[in-house]
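S.K.: Would you mind keeping the following structure in view while I ask a few things?
The values are calculated or read from the model by the stated rules, or taken from the named source; none is laboratory data. This structure is a prediction, so every number in the text was calculated from the model and none was measured. In this analysis, Cβ positions are derived from the backbone assuming ideal geometry, glycine residues included, and neighbour counts consider all displayed protein chains. These accessible areas exclude ligands, DNA and RNA; they are computed on the full protein's heavy atoms, side chains included. Shrake-Rupley method; radii C 1.70, N 1.55, O 1.52, S 1.80 Å.
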Amino acid sequence: MLVMNKRKKFLLVIVFACLIALLLTIYRSLQVSNSQISEGAGRLQSDPNGLQLSTSMGVSAESTLPFTGAEESDEGFEKSLVEQLRNAYQDTIHQLNVQASLIKVKQYVLQRFPADGSERFTQIIRLAFPEYADSILLIIQGLEVYNGWVSDNQTMLLELAERE
């Protein structure tokens, strides 16, 4: 019984440590981006390609990726993607939830280029949004760490009582 309580306390400490690390990452990304809350914060916005973003809720479940071009050359793909990202997000890229939503773009690039997709994604982001690139990459890195931790510990988390 005593061992079980120690184990639960240890797991709780780990959960809190991960949450603190995630909060620090978000805090650092806020400093990097120097973003300001736009006048229309909280209301639903639509970009020209139909991707709906809410400043308070993140990307909607119905959203689709704003780009195409599976038949293009590698260089043409990257140039096209940079242009499409600029067109889709130029007015909202300062919002942290929009920056975080670019994790879907990274997943798309990784599917197309499994060998060097991370480097290509970094280059695409730096070309599309040079002033926000560090913030975007930091947020996505934090999300990937968090998602990996949740995935690795999902069984343990499901076994915890609601209060824990």
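S.K.: For a quick protection proxy, order the peptides 133-143, 102-112 by their average other-Cβ count within 10 Å, most packed first. Write out the running numbers ahead of the final one.
M.R.: Numbers: 133-143: 20.5, 102-112: 17.6.
The densest-packed peptide leads the list: 133-143, 102-112.
S.K.: Would you tell me the accessible area of residue 118, worked out with a 1.4 angstrom probe on the heavy atoms of the protein chains, in Å² to the nearest 10?
M.R.: Estimated to the nearest 10 Å², residue 118 gives 50 Å².
S.K.: Give the residue from 113, 141, 161 lying farthest towards the positive end of the charge dipole for the stretch 108-164; charges sit on Cβ (+1 for Lys and Arg, -1 for Asp and Glu) and the dipole is referred to the Cα centre.
M.R.: Of 113, 141, 161, it is 113.
S.K.: Give me the net charge for the shell around residue 150: Cβ to Cβ below 15 angstrom, other residues only, Lys and Arg +1, Asp and Glu -1.
M.R.: On the way: positive: none; negative: 144, 152, 159.
It works out to a net charge of -3.
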